[in-house]
Amino acid sequence: MDIQTLAHDLGKSVSTLKRWKKQIEHLAEYEFEEKTVQIGRNQTQKVPDFDSKEVRRFQKMAQLIDSKGLEQTIFEVWGNAQLLTLEHIQGKHNHLAQAFIKYRLQANKKFDSLKKENQSLKTGLDTLTQEFKVYQENNKKKKGLFK
């Protein structure tokens, strides 16, 4: 449906609908489809081509705009792009927080296993050090040509 027909059906002016369209694109970050129309022999113009879903939304806007104002009506009918972006960011934050917790648990497990391995290596080193000291003491006693 073209903008002139929609304006006539809603009882609003074309300039009002153009202003609404501009605000919707700004606040709701909605993009309308446009078609090119030849307006002269060598000139074309892009005009919005509204589908039935968009027409229903404009009709709902026309009903609500007097009581709620333009901005609130757009948020209610077309959605709030900033709010949707915030929800998306919060969803990513929650996902990253869960991934971080999982990573931290894995890191703690690895850290504990490395502590245990380090402790066992220390024990083995202490044992080898004691054996080496015993070996050196035994070799000190046997000084001579034929050990």
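Just so it is clear, none of the values below were taken in a lab; they were calculated from the coordinates. Only a predicted model underlies this, so the values are computations on that prediction, with no experimental measurement involved. Positions of Cβ are generated from backbone atoms using ideal geometry, with glycine treated the same way; all protein chains shown enter the neighbour counts.
So the values come out like this:
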| read-out | value |
| --- | --- |
| Full-extension gain in nm, residue 97 to residue 71, via 0.36 nm per residue minus C-alpha separation | 5.9 nm |
| Difference of contour (0.36 nm per residue) and Cα-Cα distance, residue 105 to residue 52 | 13.9 nm |
| Rounded to 10°, Cα long-axis angle of helix 52-68 versus longest principal axis of the chain | 80 degrees |
| Along principal axes, Cα extents of segment 3-79, largest first, whole Å | 45, 25, 20 |
| 0 to 90° range, to nearest 10: angle between helix 14-27 axis and the chain longest Cα axis | 10 degrees |
| Potential lengthening between residue 138 and residue 2 on full extension [0.36 nm per residue; Cα-Cα distance subtracted] | 38.4 nm |
| Residue pairs, from the table 102/122; 115/140; 35/92; 109/133; 110/133, whose Cα atoms sit over 32 Å apart | 115/140; 35/92; 109/133; 110/133 |
| Cα gyration tensor shape for segment 1-46, rounded if a/c is under 1.5, else prolate or oblate | oblate |
| Among 92, 115, 12: highest mean-square fluctuation, GNM of the chain, C-alpha pairs under 10 Å | 115 |
| Proximal aspartates and glutamates relative to residue 116, as straight alpha-carbon distance under 17 Å, when same-chain residues fewer than 8 apart are discounted | 126 |
| Separation in nanometres of the label points that stand 7 Å from Cα toward Cβ, at residue 82 and residue 116 | 5.4 nm |
| Evaluated at q = 0.09, 0.14, 0.21 Å⁻¹: base-10 log I(q)/I(0), Debye formula over Cα of the chain | -0.57, -0.84, -1.24 |
| Residue among 117, 33, 131 with the largest mean-square fluctuation in a Gaussian network model of the chain, springs linking Cα atoms under 10 Å | 131 |
